[in-house]
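Following: one structure in structure tokens, then a few remarks.
The values are calculated or read from the model by the stated rules, or taken from the named source; none is laboratory data. In this text the structure is predicted, and so the values were computed from the model without any measurement. Here Cβ is always computed from backbone atoms with ideal geometry, including for glycine, and neighbour counts include all displayed protein chains. We work out accessible area using only protein heavy atoms, side chains counted, and drop any ligands, DNA or RNA first. Shrake-Rupley method; radii C 1.70, N 1.55, O 1.52, S 1.80 Å.
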Amino acid sequence: QVQLVESGGGLVQAGGSLRLSCAASGRAFSSYAVGWFRQAPEEEREFVAAISWSGGNIYYADDVKGRFTISRDDAKNTVYLQMNSLKPEDTAVYYCAADYLPWTVVDGPKAYEYWGQGTQVTVSS
């Protein structure tokens, strides 16, 4: 199995930036797809971005395209989410998830078995 730990969340003003990290255990991490999801209070958990085992396939939710960048460093077993031009509506708990998945299901939270604990991102006006 894979153990995931997110970090890098915090409080930022609108227009600012944050860089989230997802550190994973296990050498098999390099073969897993990794997704970032977020959940605001009283709302469903929603897809943000995903990256394939090779790093060559990347998929973003429409509302973060051009602002967020997902990347991975398999030598460090870490996936990053660089978030720029943050908006108040980006406020949520951000989670990373990993699994060996078909690319067609990487945007579905129910498809993932392994999840981190989440990190809070708050964007003020």
Out of Tyr59, Tyr95, which single residue is open to solvent by 30 Å² or more (accessible area, probe 1.4 Å), assigned to a strand (DSSP E or B), of a type in the set (Phe, Trp, Tyr) and over 19 Å from Gly9 (Cβ atoms)?
-> Tyr59
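For (1) among the polar types (S, T, N, Q); (2) under 19 Å from Gly116 (Cβ atoms); (3) touching a residue at least 60 places away in the same chain (Cβ under 8 Å), each residue gets a yes or a no:
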residue: Gly10; (1), (2), (3): no, yes, yes
residue: Tyr32; (1), (2), (3): no, yes, yes
residue: Phe37; (1), (2), (3): no, yes, yes
residue: Glu44; (1), (2), (3): no, yes, no
residue: Asp74; (1), (2), (3): no, yes, no
residue: Asn84; (1), (2), (3): yes, no, yes
With the condition kept exactly as written, say whether any residue in the stretch 20-40 is closer than 30 Å to Ser125 by Cα and open to solvent by 70 Å² or more (accessible area, probe 1.4 Å).
-> no
Would you mind stating whether Tyr80 is within 18 Å of Val2 (Cα to Cα), touching a Leu at 6+ places or on another chain (Cβ under 8 Å) and surrounded by 14 or more Cβ atoms within 10 Å (Cβ to Cβ)?
-> yes
If you scan the stretch 101-125, which residues turn out to be under 15 Å from Ile58 (Cα atoms) and either in a loop (DSSP other than H, G, I, E, B) or touching a His at 6+ places or on another chain (Cβ under 7 Å) (or both)?
-> Leu101, Pro102, Val106, Asp107, Gly108
Looking at Val105, is it open to solvent by 30 Å² or more (accessible area, probe 1.4 Å) and modelled with pLDDT under 95?
-> yes
